[in-house]
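The values are calculated or read from the model by the stated rules, or taken from the named source; none is laboratory data. Here the structure is a predicted model, which is why all the values come from computation and not from measurement. Note that we place each Cβ from the backbone using ideal geometry, even for glycine, and neighbour counts take in every protein chain shown.
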Amino acid sequence: MKTTTASICTIGDEILIGQIVDTNSAMISRALGAAGISVTRMTSIADNRESIITELSNELKYNDIVISTGGLGPTKDDITKDALAELSGSSAYVRNAAQEAIIHQILGARGLDVLDINLQQAMVPDSCEVILNRRGTAPIMVFRFPEGKFGHPAALYAMPGVPFETETALGEVIEDIKAHFKHNDIYHRTIMTYGVAESALSKQIAKWEDSLPSDMHLAYLPNPLTGVRLRLSVYNADEDAKERADARIEALKPLLGQNMYSDRDDCLEAVIGRLLKGSGKTLSIAESCTGGEIAHLITSVSGASEYFLGSVTSYAPEVKQKVLGVGADIISSKGIVSSAVAEAMAKGVRALLGSTYSLATTGWADATGDEHEPAGTVWVGVSGPSGTHSKRFHYTNARKINIERFAASALDFLRREIEKDGNQAY
């Protein structure tokens, strides 16, 4: 069976000049991949009528599906709709009453007047079908092209550029694609690991990977905040694909040991949340070099209030001493970035807030350092029912990336300490 292919195009000068980061393409690509559609290209197009028509026409020649985002706003610089009307041979614009009703609802809820310029967004080329945008004012326009136009049947889905609007409408777009194009069934399983490099991990599981049948493929997806994601995919999945893939994953787990922290697409902060919630335990945090990054990650998980008590951002030595009870003698003799200070901070915040577990960080995130530790060093302390322990990590990145890696390493160290007490999250 021929693989159905797709291209993803972002439209807007703001992406080309780096003013905003394109997150839509990755989101759309994941959804297409899960639906069995092969993404061949991602491209960005300037806010220029000729460029939009030329580039989208070219993508439609070589792909069955093109999904574009952006350029559909109410202002004069949003020219995509007119370009699409020309590309599709539209002869007139028609009003979509359902989208107009949504425009009135959205603007009314915000206490804003409904202007003519807003209502113009409900006017669409007569050559398109409409998928309603329930979170915004510009509808999703679907243009279907016969075989004679580009040498094969093709479809163009023009979506808004606002990420949460795109995300909301994406499910309906994917369902429409499935209804009109052949798609391969794909089954995915994911394993999350932390604390082992991609190359070392590959060597560690080489025999297992070499034994995979030809219809299974393993992908390594490293990320500083989440570790190395292992994704096992079965393409052209048959009826027993799930059972076969699940059996392979179960055989993989013992090879990964404690480096594995979840058998689903996950993150460390969510796993820690399940560990704590499942055992009725609580957490407090004391941060120095990470400046609240860890508390931010923990509270990004829904339901964190059930186990997270609070945090102290003890950036200055005086706060470490006065609030957390870290002895001035420890700081002067061991250094502000040290095992002793990290453990004292963890003990101090645990006592202060009365939590089951506590986590603390102290480090040098950028070019500074001292006679005790170089730049890029963080000491992490964890205090809990089985005692207080610490671990050193060292990275050689820019300040922002170091802080992110400090936070992720601290969360993983905490996760391992909680699991030592016999708790499991998966």
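For the structure I just gave you, tell me whether Val312 is at pLDDT 95 or above and not in a helix (DSSP H, G or I).
Yes.
Among the candidates Ser333, Ser311, single out the residue that is surrounded by 14 or more Cβ atoms within 10 Å (Cβ to Cβ) and more than 24 Å from the chain's Cα centre (by Cα). Reasoning before the result, please.
Numbers: Ser333 fails: surrounded by 14 or more Cβ atoms within 10 Å (Cβ to Cβ).
After applying the criteria, what remains is Ser311.
Do we find a residue being of a type in the set (S, T, N, Q), buried (at least 16 other Cβ atoms within 10 Å of the Cβ) and modelled with pLDDT of 95 or more anywhere in region 95-107?
There is at least one residue in region 95-107 that is of a type in the set (S, T, N, Q), buried (at least 16 other Cβ atoms within 10 Å of the Cβ) and modelled with pLDDT of 95 or more.
Name the one entry in Leu112, Leu170, Leu156 that is assigned to a helix (DSSP H, G or I) and either surrounded by 20 or more Cβ atoms within 10 Å (Cβ to Cβ) or modelled with pLDDT under 95 (or both).
Result: Leu170 is the single residue among Leu112, Leu170, Leu156 that is assigned to a helix (DSSP H, G or I) and either surrounded by 20 or more Cβ atoms within 10 Å (Cβ to Cβ) or modelled with pLDDT under 95 (or both).
Just name the residue that is farthest from the chain's Cα centre (by Cα) out of those in region 287-308 that are farther than 21 Å from Ile403 by Cβ and outside any helix (DSSP H, G or I).
Tyr307
Please determine whether any residue of region 367-377 is in contact with a Gly (Cβ under 6 Å, 6 or more places away or on another chain), closer than 28 Å to Lys281 by Cα, crowded, with 16+ Cβ neighbours inside 10 Å and in contact (Cβ under 8 Å) with a residue 12 or more places away in the chain.
Looking through region 367-377, none of the residues is in contact with a Gly (Cβ under 6 Å, 6 or more places away or on another chain), closer than 28 Å to Lys281 by Cα, crowded, with 16+ Cβ neighbours inside 10 Å and in contact (Cβ under 8 Å) with a residue 12 or more places away in the chain.
Asp176 is checked against (1) within 25 Å of the chain's Cα centre (by Cα); (2) buried (at least 19 other Cβ atoms within 10 Å of the Cβ); (3) more than 21 Å from Asp13 (Cβ to Cβ) and fails just one. What number does that condition carry?
(2)
Could you tell me how many of the residues in region 383-411 are touching a helix residue (DSSP H, G or I) at 6+ places or on another chain (Cβ under 6 Å) and among the charged types (D, E, K, R)?
1
Look at Glu50 and say whether it is surrounded by fewer than 16 Cβ atoms within 10 Å (Cβ to Cβ) and among the acidic types (Asp, Glu).
The answer is yes for Glu50.
Out of Ala360, Ala351, Ala342, I need the residue that is in the same structural domain as Glu318 (by TED's automatic domain parsing) and farther than 17 Å from Ala410 by Cβ. Which one?
Result: Ala351 is the single residue among Ala360, Ala351, Ala342 that is in the same structural domain as Glu318 (by TED's automatic domain parsing) and farther than 17 Å from Ala410 by Cβ.
Please find, among Ser57, Ser29, the residue that is small (Gly, Ala, Ser), in contact with a helix residue (DSSP H, G or I) (Cβ under 7 Å, 6 or more places away or on another chain), closer than 19 Å to Met141 by Cα and not in a loop (DSSP other than H, G, I, E, B).
On the way: Ser29 fails: in contact with a helix residue (DSSP H, G or I) (Cβ under 7 Å, 6 or more places away or on another chain).
On inspection, the qualifying residue turns out to be Ser57.
Please pick out the residue among Thr40, Thr54, Thr23 that is in the same structural domain as Val173 (by TED's automatic domain parsing) and in contact with a strand residue (DSSP E or B) (Cβ under 7 Å, 6 or more places away or on another chain).
Every option except Thr40 fails the conditions.
If you scan region 259-269, which residues turn out to be under 14 Å from Ala197 (Cα atoms) and in a helix (DSSP H, G or I)? Full working, then the answer.
First pass over region 259-269, keeping only residues under 14 Å from Ala197 (Cα atoms): 259-260.
Passing the criteria: only Asn259.
May I ask you to verify whether Glu175 is in contact with a Lys or Arg (Cβ under 7 Å, 6 or more places away or on another chain) and either outside the structural domain of Arg248 (by TED's automatic domain parsing) or touching a residue at least 12 places away in the same chain (Cβ under 8 Å) (or both)? Explain how you work it out, then say what you get.
Details: in contact with a Lys or Arg (Cβ under 7 Å, 6 or more places away or on another chain): no; either outside the structural domain of Arg248 (by TED's automatic domain parsing) or touching a residue at least 12 places away in the same chain (Cβ under 8 Å) (or both): yes.
No; evaluated as a whole, the condition is false for this residue.
Taking Val349 as the residue in question, decide whether it is in contact with a Leu (Cβ under 7 Å, 6 or more places away or on another chain) and at pLDDT 95 or above.
It is true that Val349 is in contact with a Leu (Cβ under 7 Å, 6 or more places away or on another chain) and at pLDDT 95 or above.
Any idea which of (1) out of contact with any Ser or Thr (no Cβ under 6 Å at 6 or more places or on another chain); (2) in a loop (DSSP other than H, G, I, E, B); (3) touching a residue at least 12 places away in the same chain (Cβ under 8 Å) is the one Thr3 doesn't satisfy?
Exception for Thr3: condition (1).
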